[in-house]
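Below is one structure; the comments refer to it alone.
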């Protein structure tokens, strides 16, 4: 089968299309014919050497949609439409930048019954699963609450805005560019804040008592400012590192953290573990919501398999404003 392989850190040019052997699934695994996959920062970071040295050939990719080719356990039928995400993809096993991928069965969810095109389906797994996990499991957002999404023009940020609005929350979304304001309103934002690095005063002008919850996607660089917006007994969850390493210098629990507020980090690596099985996620219902136009699609561009390097150039340009996918 064909797969993209990296053997050294570098720019998009280090992604090389090669012939590699298929991997026969073990009893707890399935083999999937990849029809499309999303492009994520995690893959760009891996390729650039930001996730550690590349000391052996690696196939990147942390998500895919496609059809079951082989399932020793019989839980899925051959040809069934499925999605897969995480479960060691690109880290402890070959990733999804390939014509086929062998993955843990517990990291697969059926999408049978959805009629969305493959490229639309590929825009959903990583972005919406991360948004759902952070909002429902960490922040425990409820209808009627107010949520701040800091860094909302990322693919997961747009998914979070849409999911929170569909859940009945009032959503404040931040962006660094006035060009993106209309896009955030279309995603479901109730108010958009232009982010110059310090937005706490603007948020508190709109919500003087403080917001109920904040989803921090920029990361440590803006976290202290984000925490200033949260009311006592509110919550903050960090999911992103767009602003640099996830390290806070001289963090002061009393001065920096709002009274009795909860601060957490939600890692998408939880998906497929006993703590958060993929079967408990609403991915199929979200696909049906997109299909029936109850929520908007955040797909912005689909590349052909032989255009993968161009897809990586686009994600690094920060001009995508939504989800980039590759179709096979």
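Computed from the coordinates by the stated procedures, all read-outs in this text should not be read as laboratory data. Keep in mind the model is a prediction, meaning the values are calculated, not measured. Positions of Cβ are generated from backbone atoms using ideal geometry, with glycine treated the same way; all protein chains shown enter the neighbour counts.
Which of 291, 29 has the fewest other C-beta atoms within 10 Å, and how do the rest follow up to the most?
Details: 291 17, 29 22.
With the fewest neighbours first, 291, 29 line up as 291, 29.
I'm spelling it out carefully: the read-out is Cα extents along the principal axes in Å, the candidates are (i) 58, 41, 36; (ii) 71, 54, 40; (iii) 94, 45, 40, and one was derived from this structure. Which label?
Given (i) 58, 41, 36; (ii) 71, 54, 40; (iii) 94, 45, 40, the calculated one carries the label (i).
Pull out a ≥ b ≥ c, the square roots of the eigenvalues of the alpha-carbon gyration tensor of segment 130-265, then state rounded if a/c is under 1.5, prolate if not and a/b is larger than b/c, and oblate in the remaining case.
The shape class here is rounded.
If you line up the Cα atoms of segment 229-278 on their principal axes, what length do they span on each, largest first, in Å?
37, 26, 16
Let me understand segment 63-107 better: what is its radius of gyration from the alpha carbons, and its Dmax, in angstrom?
When restricted to the Cα atoms of segment 63-107, Rg and Dmax are 10.0, 27 Å.
Give the order of 45, 4 when sorted by the count of other beta carbons within 10 angstrom, beginning with the fewest.
On the way: 45 14, 4 25.
Final ranking by Cβ density, sparse to dense: 45, 4.
Run through the DSSP bridge list for the chain and note the antiparallel percent, rounded to the nearest 5. Present the calculation step by step, with values, prior to reporting the outcome.
Details: 28 of 56 bridges.
In the chain, approximately 50 percent of DSSP beta bridges are antiparallel ones.
Add -39500 (n - 2.57) for each DSSP H run of 4 or more in the chain, then divide by its residues: what number comes out at 222 nm, to the nearest 500 deg cm²/dmol?
-6000 deg cm²/dmol
What list do you get for 285, 138 if you sort them by fewest beta carbons within 10 Å? List each step's numbers first, then the result.
Values: 285 11, 138 21.
Final ranking by Cβ density, sparse to dense: 285, 138.
In degrees from 0 to 90, rounded to the nearest 10, what is the angle of the helix 308-317 Cα long axis to the longest principal axis of the chain?
Helix 308-317 sits roughly 10 degrees off the main axis of the chain.
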